[in-house]
Every structure is written in C-alpha cells, then in structure tokens.
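**Q** Can you read through this structure? Questions will come right after.
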Amino acid sequence: MKRTHVTKASPLALDESLLVEGDVTEVLPRLPDESVQCVITSPPYWGLRDYGVAGQIGLEPTLAAFVNRLTGVFAEVRRVLRPDGTLWLNLGDGYTSGNRGRRAPDRKNPNRAMNTRPDNPPGLKDKDLLGVPWRLAFGLQQDGWYLRSDVIWHKPNAMPESVQDRPTRAHEYLFMFTKSGRYHYDAGAIREPGGRGPRNRRSVWHIHTTPSAGAHIASFPLELVTPCLLASTRPGDLVLDPFFGVGTVGLAARLLDRRFLGIELNPDYVAEAERLLSQPLDAAARRNGGRRPASPAKPPAPSRRAPGAAPLLPSSRRPGK
Ligand SMILES: C[S@@+](CC[C@H](N)C(=O)[O-])C[C@H]1O[C@@H](n2cnc3c(N)ncnc32)[C@H](O)[C@@H]1O
C-alpha cells in the first residue's frame, strides 16, 4: 500500500478510495468542485496537542486565528461538497489557561501534549470555558453553512477530572452542517429504539470512547462515524476526512461499501492508517475498538499499489453521481 503526494499541478483522481499525505490547505484545492458527498472529521483541538509536524493546525497563537484558519479550510470543503452533501464536525473544547504559560507534563504521553498554553483569549477570564466548538459553528454559519444539528456525544466512560467546583465534562459536540437547505438524509437508516418501537434518531448519542489504535491518541470511535455515514451517504458514495488521523472514517467507509478520501499531514499517522486499512475488516474494526456494523453491501477487498499510484482501496462504484 502506498502514500500519495500531491503536486500543485496534479488534480486528484477520485474514482477510488485514496489516502493522501499532505497539508489539507494544499490538498483540498486539488479536488474538483462538488465531488464529495459527505465529510466527517475531527480537527485538532486548539492549543492542546503538538502533532510534531510543520503546517499543523491547532498551534495558532490566538483562538480567533484558529477559528479563522479552520473557517478557511471548511470554505474549501464546501466547494468540494456536492450540493446535497453534509459535513459532520466534531471538535473538543477546553478552558482558559489562566495565563499560566507552561502546561504540566502529560505523564501518559510526554512527547505529545504541548508544554505551553496560549494566553487567555481577549474578553475571557481565568477558568472560563473557551466554547471553541460553538465559536467555530457560528463562524461556519456566518460563512454560509447551514447548521442543522448539534449532536451531544455523551461519553459514559469519560475520564475523571480532579475538579470539585464544576461538573465533570462527559460530552463533546458533533455538528451537522449542510451546503444547502435540501440535502440527502436517510433518517430511516439511523432510527433508534423507542418505547413504542423505532423512532427518529435523537440528538444525544451515548458512545464509549475507545482506546486509540497504535500511536494516535485522539481517534474517534467507529460508532460515532457509522450513523453519520449511514444517514448522509449511499453505498459507493465518496466521504472525505481532511484530518484523517489513523483512518477511522476510512475504516467505517470500507465497512459500509463507501469510498473514502483521507488527508493527513503526519506521516506516522498515514502509516498507521495504511496498516489499519490493509487488515481484514473484522480485525481492523476490532482493533479500532468498534464492532463491525451491519452492512447492506459487501465491502471491497483492499489492494496494494506501487508507490506513486493514486488509488489506495478500490471500490466497485465510480464517482460523479
Ligand atoms: C483529532 S486528530 C483526527 C483523528 C481522526 N479522527 C481519527 O479517528 O484518527 C487531528 C489530525 O489532524 C492532523 N492535522 C493537523 N494539521 C493538519 C493539516 N494542516 N493538514 C492535514 N492534517 C492535519 C493531525 O496530524 C491529526 O492526526
């Protein structure tokens, strides 16, 4: 299996699944307009983690710069999204640093946590919740996206916190944005059990966090991605994750016979994603901490290509629906 690099002159062919090592701000402009049915992604948190690669998002000196940079990335995402497409966006929050500058070492992942903290954003006080997900959501709404839902991802196994003066955080947001007022949404595919039988999916999802595969420490659970894919795509559709990490979205796409395009800056995570996506599907799903979801279609087998070739995993479907 190979990694694809993109040059400025080369548009990307998207007829099969593809994993691209590169900076999202350089790769997205190589994609054709309206070529992607759905985007599911989890950008880096602001000021939390140093992924150790030049060009990474999340190290901006101010919260405003972070929100602006991501808003620019998602403007390009909107260009490549089909008119009836959907963006599912998960983003973590945090608290002001209290202008403490230095961060206590992360004993579990000493080489990953940032050792400095950004100053309090203007207007915020010590101990204030930053509200990063909502700041970005309002920015995207302002930029033209339709904000259709805020899903609460409740984590029943959330990490304990040492706080005694506020509730322990046990949730994150998953926003559903669309490009237009009318879009593809298969409510029936993600109905949930109710007292009197199946009912429309509610906006609170109870999903355990799962131990991350390999070196990565912030991958999201397969169970979080699967309903998004089922509601917003059909078999054969193309799903994009511009912050691919170790490839959870690619795995979910394979399991449900969708094509994927993954963009990831860090070569270690690209290698990890390649490993995950080369495994037999059941083993890969288990390794990612999720059970294999019921799939209406048989997923394609992975294929290996010589370096330089574009497709990573073939699909029986072609793009351009
Ligand atoms: C929260 S993690 C995503 C994890 C992913 N959802 C998974 O399940 O593995 C964010 C990822 O964004 C990547 N990243 C940061 N800046 C980037 C950039 N400019 N272009 C592409 N990827 C970037 C990081 O290397 C990291 O792997």
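The values are calculated or read from the model by the stated rules, or taken from the named source; none is laboratory data. It should be emphasised that the depicted structure is a prediction, and the values quoted were computed from it without experimental measurement. We place every Cβ from the backbone using ideal geometry, glycine too, and count neighbours over all the protein chains shown.
To keep it simple, each residue is scored yes or no on (1) out of contact with any helix residue (DSSP H, G or I) (no Cβ under 6 Å at 6 or more places or on another chain); (2) surrounded by 24 or more Cβ atoms within 10 Å (Cβ to Cβ).
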position: Pro227; (1), (2): no, no
position: Ser232; (1), (2): yes, yes
position: Gly250; (1), (2): no, yes
position: Glu274; (1), (2): yes, no
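**Q** Let me ask you something else. Restricting the search to segment 1-47, which residues are polar (S, T, N, Q) and either away from the ligand (no atom under 14 Å from the Cβ) or modelled with pLDDT under 95 (or both)? Break it down stepwise before answering.
**A** First pass over segment 1-47, keeping only residues polar (S, T, N, Q): 4, 7, 10, 17, 25, 35, 37, 41-42.
Those that are polar (S, T, N, Q) and either away from the ligand (no atom under 14 Å from the Cβ) or modelled with pLDDT under 95 (or both): Thr4, Thr7, Ser10, Ser17, Ser35, Gln37.
**Q** Is it the case that segment 75-95 has a residue that's assigned to a helix (DSSP H, G or I) and surrounded by fewer than 16 Cβ atoms within 10 Å (Cβ to Cβ)? Break it down into steps so the answer makes sense when it comes.
**A** Within segment 75-95, the subset assigned to a helix (DSSP H, G or I) is 75-80.
Retained after the next criterion (residues that are surrounded by fewer than 16 Cβ atoms within 10 Å (Cβ to Cβ)): 75.
Yes.
**Q** When you go through (1) part of a loop (DSSP other than H, G, I, E, B); (2) without any contact (Cβ under 8 Å) to a residue 12 or more places away in the chain one by one for Tyr183, which number turns out not to apply?
**A** (2)
**Q** Here is a further query. What number of residues within segment 48-64 are of a type in the set (S, T, N, Q) and either in contact with a His (Cβ under 8 Å, 6 or more places away or on another chain) or within 8 Å of the ligand (Cβ to nearest atom) (or both)? Can you show your working first?
**A** Filtering segment 48-64 down to residues of a type in the set (S, T, N, Q) leaves 56, 62.
Among the residues that remain, those that are also either in contact with a His (Cβ under 8 Å, 6 or more places away or on another chain) or within 8 Å of the ligand (Cβ to nearest atom) (or both) are: 56.
Residues flagged as of a type in the set (S, T, N, Q) and either in contact with a His (Cβ under 8 Å, 6 or more places away or on another chain) or within 8 Å of the ligand (Cβ to nearest atom) (or both) within segment 48-64 amount to 1.
**Q** Please determine whether any residue of segment 237-247 is surrounded by fewer than 17 Cβ atoms within 10 Å (Cβ to Cβ) and either modelled with pLDDT of 95 or more or not β-branched (Val, Ile, Thr) (or both).
**A** No: zero hits.
**Q** Considering Ala170, Ala158, which residue is at pLDDT below 95, surrounded by 11 or more Cβ atoms within 10 Å (Cβ to Cβ) and within 20 Å of the chain's Cα centre (by Cα)?
**A** On the way: Ala170 fails: at pLDDT below 95.
Result: Ala158 is the single residue among Ala170, Ala158 that is at pLDDT below 95, surrounded by 11 or more Cβ atoms within 10 Å (Cβ to Cβ) and within 20 Å of the chain's Cα centre (by Cα).
**Q** In addition: With respect to Pro83, determine if the residue is more than 12 Å from the ligand (Cβ to nearest atom) and either modelled with pLDDT of 95 or more or under 16 Å from the mean Cα position of the chain (by Cα) (or both). Explain how you work it out, then say what you get.
**A** Numbers: more than 12 Å from the ligand (Cβ to nearest atom): yes; either modelled with pLDDT of 95 or more or under 16 Å from the mean Cα position of the chain (by Cα) (or both): yes.
In short, yes.
**Q** Tell me which residues, restricted to segment 157-174, are in a loop (DSSP other than H, G, I, E, B) and within 21 Å of Trp88 (Cβ to Cβ).
**A** If we filter segment 157-174 for residues that are in a loop (DSSP other than H, G, I, E, B), which is where we start, we get 157-170.
Within segment 157-174, Ala158, Arg169, Ala170 qualify.
**Q** Moving on. Is segment 130-139 home to any residue that is over 26 Å from Leu70 (Cα atoms) and out of contact with any Asp or Glu (no Cβ under 7 Å at 6 or more places or on another chain)? Reasoning before the result, please.
**A** Let us first name the residues in segment 130-139 that are over 26 Å from Leu70 (Cα atoms), namely none.
There is no residue in segment 130-139 that is over 26 Å from Leu70 (Cα atoms) and out of contact with any Asp or Glu (no Cβ under 7 Å at 6 or more places or on another chain).
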